[in-house]
Amino acid sequence: MIRQAVPSDEPEVRTCAEQAYARYVPAMGRKPAPMVADFAAQIADGHVYVATDDKGGFEGFIVFYAEDGHVMLENVAVLPSAAGRGVGKRLIAFCEDTARQRGFGAVHLYTNEKMIENLSIYPRLGYVEVGRRTEAGFNRVYFEKSLA
């Protein structure tokens, strides 16, 4: 099940981000941006959704919001214990479906160039690389997907 996050979800969201992104710290030489995000504010703004298993156990989360005529998918993370079960794909599909329902024609996202597997996952999900740039000291790769 996927539902909107509530304030009491913040500790699990933070733990998930820390566990999902910790493996990138050595390659990047610092914590990835999602490890230091203000999840309490993002939850309060209604931008965070959580995935749970059949028993209500936390499995992962996604952060997305409307921005300049499209939806920005800022973060998707899955607990390592739930990896390989399609949770991430379900969360991304939920984002895309929500964007369509709200009348948006595209989803944009970015990933760090050191997150090599993402560079192949997103194209398989229909995303097209549209640019690379450095922001806040992070080397980011930008993708877009048309929902038309």
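Since every read-out is calculated from the coordinates, none of them should be taken as a lab result. Bear in mind the structure is a predicted one, so any value in this text is a computation, not a measurement. Counting neighbours? That spans all protein chains shown, and the Cβs are built from the backbone with ideal geometry, glycine included.
Points worth noting:
- Residue in the range 29-51 that is nearest to Ala99 (Cα to Cα), counting only those that are in contact (Cβ under 8 Å) with a residue 12 or more places away in the chain and surrounded by fewer than 17 Cβ atoms within 10 Å (Cβ to Cβ): Gly46
- Only one entry in Val76, Val50 is within 13 Å of the chain's Cα centre (by Cα), under 26 Å from Asn139 (Cβ atoms), of a type in the set (Val, Ile, Thr) and part of a strand (DSSP E or B), namely Val76.
- The residues on offer are Phe143, Phe61, and the sole one that is of a type outside the set (Asp, Glu), touching a Phe, Trp or Tyr at 6+ places or on another chain (Cβ under 8 Å), within 27 Å of Pro11 (Cβ to Cβ) and surrounded by 15 or more Cβ atoms within 10 Å (Cβ to Cβ) is Phe61.
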